[in-house]
Amino acid sequence: MTTALPPVVEDRVGRAVLDARRHPVVTVEADPVRVESRLAAGQLCCPAPGCAHRLRPWGWARPRSVHGIAGVLRPRRARCTGCSVTHVLLPVTMLARRAYGVAVIGAALLARANGAGHRSIADRLQVPAATVRGWLRVMTARLEPVRVFLLRLARRAGVDQRLPEALGSPWRDLLAALGAATAAVTGRFGPVGVLGPVTAWQVAAACSAGRLLAPGWPAS
């Protein structure tokens, strides 16, 4: 992963922290009305490296059903006024290219940290065992880079943020780092967003720009 945390910018989950400029997907709050308002007002910036121009409305992504999220989602698309590249505005309730909401995936990761196997997790969450196994394999391969990324985020976002000590388990250390990052973000910007309390997994989705389980994240 990179040795320096990308710049932290304010956005809302209610209000959260993310860095859209380093990622191909723009992560936004879950409230579509607020997203539309900020997009129309030119308050969202292009995530392309070296481009700081404003994003403007540019149609919609295809409708999709995401397990764990009510209704059918149709994420907004936006186009940069400078480089003309288009981007999907991904709500923090979901991850890129995943058919399950981040709350469901987070519950699976939490259960694994507590010692559960992929089959029992799958039964509990009513998710195919192969799908859960895939999530766990991806995260197992990046536990330390993600932990370090989250600790850097906590240090950058928090004021006098106390970082957790090692717990002797890579999975538990990851959750402790996520807890520290969540505390730093909500302590700085507030624990409640437009749709209710800001969750740890929404913070994870926001700070990874939806790429928590995507290939190549965190960047090495």
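Laid out as a table, the results:
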| quantity | calculated |
| --- | --- |
| Index of the failed condition, Arg97 passing every other in (1) assigned by TED's automatic domain parsing to the domain that holds Pro197; (2) under 20 Å from Ala204 (Cα atoms); (3) basic (Lys, Arg) | (1) |
| Conditions (1) over 20 Å from the mean Cα position of the chain (by Cα); (2) outside any strand (DSSP E or B): number failed by Arg34 | (1) |
| Candidate set: segment 44-87, residues that are in contact with a Lys or Arg (Cβ under 6 Å, 6 or more places away or on another chain) and closer than 30 Å to Leu125 by Cβ; chosen: the one surrounded by the most Cβ atoms within 10 Å (Cβ to Cβ) | Leu73 |
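Every residue, every condition in (1) of a type outside the set (Gly, Ala, Ser); (2) within 13 Å of the chain's Cα centre (by Cα); (3) modelled with pLDDT of 95 or more; (4) crowded, with 17+ Cβ neighbours inside 10 Å, yes or no:
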position: Val132; (1), (2), (3), (4): yes, no, yes, yes
position: Val146; (1), (2), (3), (4): yes, yes, yes, yes
position: Leu153; (1), (2), (3), (4): yes, yes, no, yes
position: Ala176; (1), (2), (3), (4): no, no, yes, yes
position: Thr186; (1), (2), (3), (4): yes, no, no, yes
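Yes/no matrix, rows are residues, columns are (1) in contact with a helix residue (DSSP H, G or I) (Cβ under 6 Å, 6 or more places away or on another chain); (2) closer than 23 Å to Pro32 by Cα:
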position: Val102; (1), (2): yes, yes
position: Arg112; (1), (2): yes, no
position: Arg119; (1), (2): yes, no
position: Arg137; (1), (2): no, no
position: Arg152; (1), (2): no, no
position: Ser169; (1), (2): no, no
position: Ala205; (1), (2): yes, yes
position: Leu212; (1), (2): yes, yes
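The values are calculated or read from the model by the stated rules, or taken from the named source; none is laboratory data. Worth saying up front: this structure is predicted, and the values here are computed from it rather than measured. Don't worry about glycine lacking a Cβ; one is built from the backbone with ideal geometry, like all the others, and counts go over all protein chains shown.
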